Amino acid sequence: MRILVYPHELAMGGSQINALDLAAAVRELGHDVFIYATEGILLDKVKELQIPYIQAPRSRFAVDPETIRKLNATVRQMDIDIVHAYEWTAIVNTGFGPHLTGKPRAVMTVLSMDIPDFLPRDIPMIVGTQGLAELEARRRGNVHVIEPPINTELNKSKGTEKARRQIAIHSRSLVVSIVGRLTTDLGKLDGVLAAIRVIDRLALAQDVILAIAGDGEGFPEVRKLASNVNQHHGREVVRVLGNVLDPRPVYDAADIVLGMGSSALRGMAFAKPLIVQGRCGFWRTASPETEAAFLKDGWFGTVGAGEVELESALSELLADAPRRKILGDYGRRLVEERFGLDQAAERLISIYRVQLSAPRKPVAHVASVARSGFETAKFRLSMRRQMRSVRMTNSSGGT
């Protein structure tokens, strides 16, 4: 098969890394794989994986005509069989681009915990949890689950001391690590800021450092709060690393990892105890007791007790080295048994093959595209109204 993988962008993020890792694994199983995306920091990873890359234009709109034109031309010129789009902007551009012709076939992946209703109903959807699949199956057919895959050979501990030297942490401190985008999406930024405040309090009684790797619109706020905390203690308590192309040493340097989604799984792959972050103050330690809920609904949560919950979980683990070792070994074993990259690639190829062999249904196809177009227009109108309302509120507040 000739497969065009279309991540929504090449910025650092779990969905994009999963897309690239799976693309490389599918290529290793004998297929021709190409990447179509706008430039970003993960372009270096694309080059490292030696996957042919086609640069997409910077999108100006949710449905971008220039992006679609180049996508259509790329599909024709390269005789693509499958376009695999990740997240809603890439999916919508694919839906109104090559999917309209019926050749090539399309597959879409949504790893966000919120799935828009306007996505085409006749494109097979891949989600990351069984819980999301069950919810989505109420409004569409052809839903598949591929849990976020982890390359367990590349993501494993090579020694904590070596990793700490790589990120310039030379003390004997206990280290807590976070790797993720500093954005408001899924409450990520709020969680990072909460972690800084908790570490600020814990550092009054023990030698602990918080290492943060990631970038996004919240970076200045994170850096400012970290600087204030460090000044308060007269030493480095919070290390803000920014964008790190290879975050493996950040995971490996840790005694405890905080994270959600695929970042949480990577932390466990390094045999580190994990505290799962969610939105609205959710924090919970990953363990055999909490495993069933996370396997069903993903390494995420929606409502919690906020900083009180995180401080309690961190205090318990920081004080209990044997418990950290037990939970670290548990996490590594779980990732090896359930989240291996090779199994995910084979599952993905089977989805591609079924889609290529499925009979075309022109009537259903037209109906799906029409519905998606109508719902996308409604969504864009709603977003414009919200932005206009925000501008008006800001304007009136400044008078």
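The values are calculated or read from the model by the stated rules, or taken from the named source; none is laboratory data. None of these values were measured; they are calculated from a predicted model. A quick note on method: Cβ atoms are made from the backbone with ideal geometry, for glycine too, and the neighbour counts reach across all protein chains shown.
Looking at Ala271, Ala319 in this structure, which one is at positive phi, at pLDDT 95 or above, more than 19 Å from the chain's Cα centre (by Cα) and among the small types (Gly, Ala, Ser)?
Details: Ala319 fails: at positive phi.
Result: Ala271 is the single residue among Ala271, Ala319 that is at positive phi, at pLDDT 95 or above, more than 19 Å from the chain's Cα centre (by Cα) and among the small types (Gly, Ala, Ser).
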Exercise. Of these, Phe300, Phe339, Phe282, which one is of a type outside the set (A, V, I, L, M) and farther than 29 Å from Val83 by Cβ?
Worked result: Phe282
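How many residues does the stretch 124-142 hold that are outside any helix (DSSP H, G or I) and free of Cβ contacts under 8 Å to residues at least 60 places away in the same chain? Full working, then the answer.
From the stretch 124-142, those outside any helix (DSSP H, G or I) are 124-129, 137-142; that's our starting set.
With free of Cβ contacts under 8 Å to residues at least 60 places away in the same chain added as a condition, the list becomes 125, 127, 137-142.
Here the count works out to 8.
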For this session: Give the residue, chosen from Lys162, Lys156, that is touching a Phe, Trp or Tyr at 6+ places or on another chain (Cβ under 7 Å) and surrounded by fewer than 22 Cβ atoms within 10 Å (Cβ to Cβ).
Result: Lys156
Problem set entry | Pair list, Cβ < 6 Å and 6+ apart or interchain, from the stretch 146-162 residues that are hydrophobic (A, V, I, L, M, F, W, C) to residues that are surrounded by fewer than 19 Cβ atoms within 10 Å (Cβ to Cβ) | Ile146/Arg347
For this session: For Arg360, indicate whether it is farther than 30 Å from Arg197 by Cβ, part of a loop (DSSP other than H, G, I, E, B) and in contact (Cβ under 8 Å) with a residue 24 or more places away in the chain.
Result: yes
Problem set entry | Residue list for the stretch 143-163, restricted to those being out of contact with any helix residue (DSSP H, G or I) (no Cβ under 8 Å at 6 or more places or on another chain) and not in a loop (DSSP other than H, G, I, E, B) | Glu161
Seminar exercise, completed: Over the stretch 158-173, the set of residues farther than 12 Å from Arg239 by Cα and of a type in the set (Gly, Ala, Ser) is Gly159, Ala163, Ser171, Ser173
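Going through Ile68, Ile54, Ile82 one at a time, which residue ends up being out of contact with any Asp or Glu (no Cβ under 8 Å at 6 or more places or on another chain), more than 23 Å from Arg360 (Cβ to Cβ) and assigned by TED's automatic domain parsing to the domain that holds Arg353?
Numbers: Ile68 fails: more than 23 Å from Arg360 (Cβ to Cβ); Ile82 fails: more than 23 Å from Arg360 (Cβ to Cβ).
On inspection, the qualifying residue turns out to be Ile54.
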For this session: Kindly indicate whether any position in the stretch 347-354 is within 21 Å of Gln206 (Cα to Cα), in a helix (DSSP H, G or I) and out of contact with any Phe, Trp or Tyr (no Cβ under 8 Å at 6 or more places or on another chain).
Result: no
